[in-house]
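To start, the structure itself, in structure tokens.
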Amino acid sequence: MTALRVGIVGTGYAAKRRADAFQQEQRSQLIAVTGHRESSRQSFAAIYGIEAIATWQELVQRPDLDIVVVCNINRKHGAIARAALEADKHVVVEYPLALDPTEAAEIVELARTKKKLLHVEHIEILGGLHQTIREYLPKLGQIFFAKYMTLAPKRHPLPHWTFHHKDYGFPLVAALSRVNRFIDLFGEVDTVQGTADFLPSEFEGYYKSCLCAAQFKFQSGVVAHLTYGKGSLVTTGDRRFTIYGDKGTLEFNGSQGTLTQGETTTPIKLGSRRGVFLRDTTAVLDYLIAGKPLYIQPEQSLYALKIADQIRHDTLK
């Protein structure tokens, strides 16, 4: 079997985890990397023993690549994924596929026309929280309400692209896993509305903090509240997910979980997030080499993107 040859766009955390995963696989071979800064791509290439390429445009055109992995700034995802597909490459891209749902839909259709893999990763589905929720969901009976909150302190000094309006995109588009998690658990959305507030930065185009909130009504009847915030105003990180049903309540606070049914509260061991990039990468290779179905289709990510963009439009009213 000939190993599938891989090129990576990006040199950050996700790119490193991808490179680690592909190098652990005998079915793939890392060939090249490109990134915005020359020093970063040269360092990345030296660590993994691969070639550093000056631009993503050059990388996607290389005839010695089968797969292009896109994990750089969100604003460029769509253009790179489109160019790679047009160059007859399979594409693995970190969510979001694009910041604009119309552009994303065109890329999904292009992959279908080209008969190439377009995989938009959603490793939140593979992680311990989501898998545990799926396991315990039937114990709750008829689900009627859920609330999900993630607050994260600022990790990077400004200016940084994850606090840039255009490079990062609308926060619930950029953090699409939150919306997609709801959809994967509760189904199609009937109505959604939201708000977003930003604390401006002294750097043009950047913000210090953001706080977004949205209320969903699903066709299944579930009502859900989503809160997402990050930045300088958040002094302490907080991750909570609670689901209410007529037979019990499932609650997660950080890495701790409980199932409450009547007077009985049962602790729940939450699985680890470690290894999710490897599992996602393995799933991609299983699909390309053995034809095994992937855990998510690009149409689901596209649907989540459309819902997140509806929230963005709602905040502009």
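The values are calculated or read from the model by the stated rules, or taken from the named source; none is laboratory data. Because the structure is predicted, anything quoted here is derived from the model rather than measured. Glycine also receives a Cβ, built like all others from the backbone with ideal geometry; neighbour counts cover every protein chain displayed. Heavy atoms of the whole protein, side chains included, go into the accessibility calculation; ligands, DNA and RNA do not. Shrake-Rupley method; radii C 1.70, N 1.55, O 1.52, S 1.80 Å.
Of all residues in the range 141-153, those satisfying the criterion of being outside any loop (DSSP other than H, G, I, E, B) and surrounded by fewer than 20 Cβ atoms within 10 Å (Cβ to Cβ) are 144, 145, 147, 149, 150, 151, 152, 153.
Search the range 1-50 for residues being among the polar types (S, T, N, Q) and part of a loop (DSSP other than H, G, I, E, B), and hand back the single one that is nearest to residue 95 (Cα to Cα).
Selected residue: 11.
Candidates in the range 14-34 are the residues that are basic (Lys, Arg) and under 22 Å from residue 58 (Cβ atoms); of these, the one that is least open to solvent (accessible area, probe 1.4 Å) is 18.
Within the range 287-317, track down each residue that is of a type in the set (Val, Ile, Thr) and assigned to a helix (DSSP H, G or I). Correct list: 289, 307, 311, 315.
The set of residues in the range 86-107 that are surrounded by fewer than 21 Cβ atoms within 10 Å (Cβ to Cβ) and among the hydrophobic types (A, V, I, L, M, F, W, C) comprises 87, 105. For residue 38, the test of being open to solvent by 10 Å² or more (accessible area, probe 1.4 Å), among the charged types (D, E, K, R), without any contact (Cβ under 8 Å) to a residue 24 or more places away in the chain and under 25 Å from residue 161 (Cα atoms) is passed. If a residue has to be within 17 Å of residue 150 (Cα to Cα) and touching a helix residue (DSSP H, G or I) at 6+ places or on another chain (Cβ under 6 Å) to count, how many in the range 166-182 make the cut? Here the count works out to 9. Only residues that are out of contact with any Lys or Arg (no Cβ under 7 Å at 6 or more places or on another chain) and either outside any helix (DSSP H, G or I) or of a type outside the set (S, T, N, Q) (or both): list them for the range 51-62, please. Listed by number, the residues that qualify are 51, 53, 54, 55, 56, 58, 59, 61, 62. Of the residues 113, 11, only one is among the β-branched types (Val, Ile, Thr) and surrounded by fewer than 18 Cβ atoms within 10 Å (Cβ to Cβ); which? Going through 113, 11 in turn, the sole match is 113. Within the range 278-293, no residue that is basic (Lys, Arg) sits with its Cβ atom under 6 Å from a residue that is open to solvent by 70 Å² or more (accessible area, probe 1.4 Å) at 6+ positions apart or across chains. Selection of the range 57-78 for residues being open to solvent by 20 Å² or more (accessible area, probe 1.4 Å) and under 22 Å from residue 19 (Cβ atoms) yields 57, 58, 61, 62, 63, 64, 66, 72, 73, 76. Only a single criterion out of (1) among the hydroxyl-bearing types (Ser, Thr, Tyr); (2) at pLDDT below 95; (3) touching a Pro at 6+ places or on another chain (Cβ under 9 Å) is not satisfied by residue 272, namely (3). In a residue-by-residue description of the range 66-75, the property of being aliphatic (A, V, I, L, M), within 24 Å of the chain's Cα centre (by Cα) and farther than 24 Å from residue 289 by Cα applies to at least one position.
Check the range 112-123 and report whether any residue there is acidic (Asp, Glu), at pLDDT 95 or above and in a loop (DSSP other than H, G, I, E, B). No: the range 112-123 contains no residue that is acidic (Asp, Glu), at pLDDT 95 or above and in a loop (DSSP other than H, G, I, E, B).
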